[in-house]
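One structure is given below, encoded as C-alpha cells.
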Amino acid sequence: MLQSELLETISEAKYLSADNYMVYRTIMRLFYLEHQKMHYQLDRDAILSMLQKQTPFAHYAPDQLTLDLQQLVKWRNLTPIQDPRKPRTIAEFKNRQFQYMMTQSAIEVERMTITLENLSTRMTGLSASPFRRIRQDLFQAEHLDEMPLREINAWWQDLQEDFQRLSQNHQDYLREFYGPGVEMQMKPVEFVAYKQHLVRYLEEFIRDLQHSAAQISAQLEKFSPAWVDRMLDLVQRSEAEIPRPQSAQTAGWKEEFQTRCRGVWQSLTDWFTGSSAAARQVLDVTNEVIRRTVQNAALLVQMENIGVSNKAELRHLLTLFAGCQTVEESHRLSALVFGAQQARHFSFSAVRESERIDQSTYEEPPMEFALQPRTRSYKPRLDRSGFADRSAEKAEQRRKILETERALQREVMDCIRDGRLDLGRLDHPVSPAVRSVLLTWVGMANLSPDRRGQTQYGQRYTLKIRDKQTCRLLCTDGTLTMPDCVLVFEEDGHV
C-alpha cells in the first residue's frame with residue numbers, strides 16, 4: 001500500500017519547469033559544479049560573479065539574484081546559513097549576509113538532469129565482469145554467519161549494484177538494435193565491415209552468458225527458503241546498525257526495507273533460474289540481433305553485386321550471335337542462352353519408375369492421359385447401359401428380415417402367461433430387442449388416458465401399475481429397475 005505522503009508534489013524539482021527556469025537551472029548548475037570541487041558554501045557575491053560570466057546574464061542585477069535565491073530556498077533546493085562574521089557597516093548589519101548550500105535532494109535532482117542530458121551519448125557494453133562478481137558474491141553468501149554486520153551490509157550493496165549494472169547494461173546495449181533508426185544504421189555499406197566485429201562481440205557475450213548463468217543458477221538453487229530468510233534477516237540487522245537521523249526513521253521503514261530486499265533477491269532468482277528466466281530471454285534476443293545483422297549484411301552485399309556491369313558478357317554473346325550463319329543457328333543459340341521462349345507445362349499424378357533428376361524426358365516410358373476441351377458447351381459422353389437385375393438379392397434380404405421379425409415375435413409371446421405380462425416376474429432374462437418392445441408397449445399405454453394400448457401384432461391390452469412399488473427386469477445385458485407394471489391382454493395373449 002502506497003503512503004499518501006509519498007505521492008505529494010516534489011517541490012525540489014519545480015525549478016526545472018518554472019517560468020524563469022533558465023536562471024534557476026543556471027544557478028543550480030553552478031552550485032553543483034562547485035559542489036563537485038568541494039566548495040559547499042557560496043555567498044551571493046560569488047554566485048553573482050560566476051553568473052555574470054555567462055553570456056545571457058552579463059547584466060544580471062544583484063537584487064534580482066537575491067529574489068531568485070530566496071525562491072530556491074523556498075523550494076528547498078538551497079539551505080541559507082547566516083554569515084558568522086561581524087558587520088562592519090550599518091548597511092551590512094541591515095542586509096544580513098548568507099552563505100548558501102545545496103540540499104541533498106537538490107544534488108540528486110541535478111545529478112539526474114546531467115544523466116538525462118548525456119543519455120543519448122552514453123555508451124554501454126556487454127561485459128562478463130558482472131557475472132563473475134555476482135558468482136563471487138553468491139559464493140561469499142555461504143559464509144554470512146561468520147561475517148560482521150558491517151561487511152554483510154557492504155556485501156549486499158555490492159550484490160545489488162552488480163545485478164543492477166548487469167540488467168541495465170544489456171538493456172541499454174540491445175535496445176539500440178530495436179529502435180526506429182536501426183534500419184537506417186544498417187543501410188550504409190560501411191556496416192558490412194562493422195558486422196564481423198559486432199557478431200564476434202555478441203558471440204563472446206553469449207558464451208559468457210551461457211557459462212556463467214548455469215553456474216549462478218546452480219548456486220541459487222542450493223539456497224533453501226530457510227537459508228534465504230536467515231540471509232535477509234542478517235541484511236536487515238546490518239542496515240539497522242547504521243546510525244540514522246531521527247527524521248529518517250519512519251514508522252515502517254524496517255518493513256519497507258525487508259520487502260525491498262526480498263524483491264531484489266526474488267528478481268535475481270527469476271533472472272537466472274526457471275524455464276522463463278530473463279537470462280534465457282537475453283540469449284534469444286542476442287541471437288536475434290546476430291541473425292538480423294548477418295541478414296542485413298548479406299542483403300547489402302547482394303545489392304552491391306547487382307550493380308556490377310555485365311558488359312564483357314554481353315559483348316561475348318553479341319560476338320557469338322554475329323557469327324551465326326543462318327536464322328536456325330541463331331534460334332539454337334538463343335534457346336541455349338535464354339531458354340525456351342514458348343513452353344507448355346503439364347502436371348500429372350502418375351507414379352514414376354525412377355525419381356532421378358538427371359534422367360532425360362526421352363528416357364521416360366510413354367504415358368497416356370485423356371484431355372478434355374476447355375469449352376463451356378462440352379459435355380462428357382455418357383455410356384448407356386441397362387439396369388442390373390437384383391430381384392434375387394432383394395428377395396433374400398426380405399426373407400432374412402421376416403425371419404428376424406418372426407423370431408422376435410416368438411420371444412415376446414413366450415413372456416405372456418395366461419393373458420398377463422408381469423414384467424417383474426419373468427422366469428428368464430430377455431434380450432435387448434425384446435426389452436425395447438416391452439418398454440414401448442408400457443410407454444404407449446402410459447401416454448393413453450385410459451391406460452390402454454395395442455401391439456404391432458394386433459393385440460389389445462391394459463396397463464396396471466402397482467403404486468409405490470418397483471420391480472427388477474432381468475436382461476441378458478444387465479438388470480433394469482423400473483415401476484412394477486403388469487400388462488393385461490383382452491384375449492389369451494396369443495395372436
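The values are calculated or read from the model by the stated rules, or taken from the named source; none is laboratory data. Please read these numbers as outputs of a predicted model, since none were measured by experiment. Ideal geometry is used to build each Cβ from the backbone, glycine not excepted, and the neighbour counts take in all protein chains shown.
Below is a table of values for the structure above.
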item: Residues (without any contact (Cβ under 8 Å) to a residue 24 or more places away in the chain and assigned to a helix (DSSP H, G or I)) located in the range 212-229; result: ALA214, ALA218, LYS222, PRO225, ALA226, TRP227, ASP229
item: Residue match in the range 90-101 (condition: surrounded by 14 or more Cβ atoms within 10 Å (Cβ to Cβ) and at pLDDT 85 or above); result: yes
item: Test set (1) out of contact with any His (no Cβ under 9 Å at 6 or more places or on another chain); (2) modelled with pLDDT under 90; (3) acidic (Asp, Glu) - ASP414 fails condition number; result: (1)
item: The range 142-172: number of residues that are at pLDDT 80 or above and small (Gly, Ala, Ser); result: 1
item: Filter pass, LEU317 being surrounded by 10 or more Cβ atoms within 10 Å (Cβ to Cβ) and either part of a loop (DSSP other than H, G, I, E, B) or in contact with a Cys (Cβ under 8 Å, 6 or more places away or on another chain) (or both); result: no
item: Any hit, the range 371-391, residues being surrounded by 10 or more Cβ atoms within 10 Å (Cβ to Cβ), assigned to a loop (DSSP other than H, G, I, E, B) and within 57 Å of the chain's Cα centre (by Cα); result: no
item: Selected residue [touching a Pro at 6+ places or on another chain (Cβ under 6 Å) and surrounded by 15 or more Cβ atoms within 10 Å (Cβ to Cβ)] from LEU421, LEU426, LEU439, LEU474; result: LEU474
